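The values are calculated or read from the model by the stated rules, or taken from the named source; none is laboratory data. If you're wondering where the values come from, they're calculated on a predicted model, not measured in any experiment. Reconstructed Cβ throughout: ideal geometry from the backbone, glycine too, with neighbour counts over all protein chains shown.
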Amino acid sequence: MASPKRVAPVEAPARPDLLVAGLAAAGLAIAAYMTWLKWTGAAAAFCLSGSGCDIVQSSRYATLLGVPTALWGALLYAAIGALAVMGLGPRRWRWAFYLTAAGVGVSAYLTALSVLVIHATCAYCLASTALMLAIFLVLWWRRAALPGRRAAIGSLVAGGLAVAALVPLGAAFIFAMPSSVGAGSEAALASHLRQSGAVMYGAYWCPHCQEQKALFGDAARDLPYVECDPSGVNARPDLCEKAGVKAFPTWVIGDKRLEGVQSPDALAEASKFPPSPAASR
């Protein structure tokens, strides 16, 4: 008489992880809001005009591959949230873990850029970083309920570290690519801004004004700059008051008003600067 075959136990379907889904939903809301702000040019709620939020949003790091950087974050939160709603079984948990590791790595990289390069921070960006880190910690804690977790712990750590390092490295490579204005075109852009009637309002003591000028190198002397502080050289506080300047730097280009540090690409687009033949190839 043949012995009965042993049937492997069937795993119960994983239940939705409401905590991870809730954190991802909160992150998605923030990222979607930041995307909308970037697309519309609106000021962030609860942030003063020309504050860190405006400066971060106007920096070159606020756009990645032609779309708002926040949009990539929104897609990442949506993917993590969808996995959590479907239930974090071993396979889905692994996908969520690696996606979150990528998010933590990119968030840390962008936070470092905002502090060390842009010299400004955005409360919404910091909140998004905190949420991504919270999701990562929750997922790490959830690993205790996964089968075979002890045998896989080494590969999970190695994989998570690799993803957290390689994805920001890819973003850094993209950010390092030259802008469409083109190297050596800063002088032409500065001259175009002056000829088109654009004005940059600032103050000699303003670090963000110095950062704006540094983007143009030696061509900064050709920028249509107006000094707003009465104690500055060739100051014209009357023009600044007439223009209603409340933050430095403030650009007025035609009917457009841009506050905070602007990338050469943003200024070129706002002033309809024609790209050089080399840049358009």
Breaking point among (1) assigned to a helix (DSSP H, G or I); (2) touching a Gly at 6+ places or on another chain (Cβ under 9 Å), for A120 | (1)
What do you reckon, is A120 modelled with pLDDT under 90, within 30 Å of A214 (Cβ to Cβ) and touching a helix residue (DSSP H, G or I) at 6+ places or on another chain (Cβ under 9 Å)?
-> yes
Note down all Cβ pairs under 7 Å where the first residue falls in region 133-150 and is within 13 Å of Y98 (Cα to Cα) and at pLDDT 85 or above, the second is polar (S, T, N, Q) and assigned to a helix (DSSP H, G or I), and they're at least six residues apart or on different chains.
-> I135/T100; F136/T100; L139/T100
For region 1-31, the count of residues that are more than 14 Å from I80 (Cβ to Cβ) and either in contact with a Gly (Cβ under 9 Å, 6 or more places away or on another chain) or at pLDDT 95 or above (or both) equals 4
Of all residues in region 37-49 being surrounded by 14 or more Cβ atoms within 10 Å (Cβ to Cβ) and not in a loop (DSSP other than H, G, I, E, B), which is modelled with the lowest pLDDT?
-> K38
Output for Cβ contacts, cut-off 7 Å, separation at least six or different chains, first residue outside the structural domain of D54 (by TED's automatic domain parsing) and more than 17 Å from L99 (Cβ to Cβ) in region 27-38, second surrounded by fewer than 21 Cβ atoms within 10 Å (Cβ to Cβ) and among the aromatic types (F, W, Y), reads none
Being of a type outside the set (K, R), at pLDDT 85 or above and touching a strand residue (DSSP E or B) at 6+ places or on another chain (Cβ under 9 Å) narrows T129, T69 down to just T69
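From V115, V106, V56, grab the single residue that is without any contact (Cβ under 8 Å) to a residue 12 or more places away in the chain, under 19 Å from the mean Cα position of the chain (by Cα) and assigned to a helix (DSSP H, G or I).
On inspection, the qualifying residue turns out to be V115.
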Could you tell me whether L88 is in the same structural domain as T129 (by TED's automatic domain parsing), more than 17 Å from A26 (Cβ to Cβ) and outside any helix (DSSP H, G or I)?
-> yes
Taking P178 as meeting all but one of (1) at pLDDT below 90; (2) not in a loop (DSSP other than H, G, I, E, B), write down the number of the exception.
-> (2)
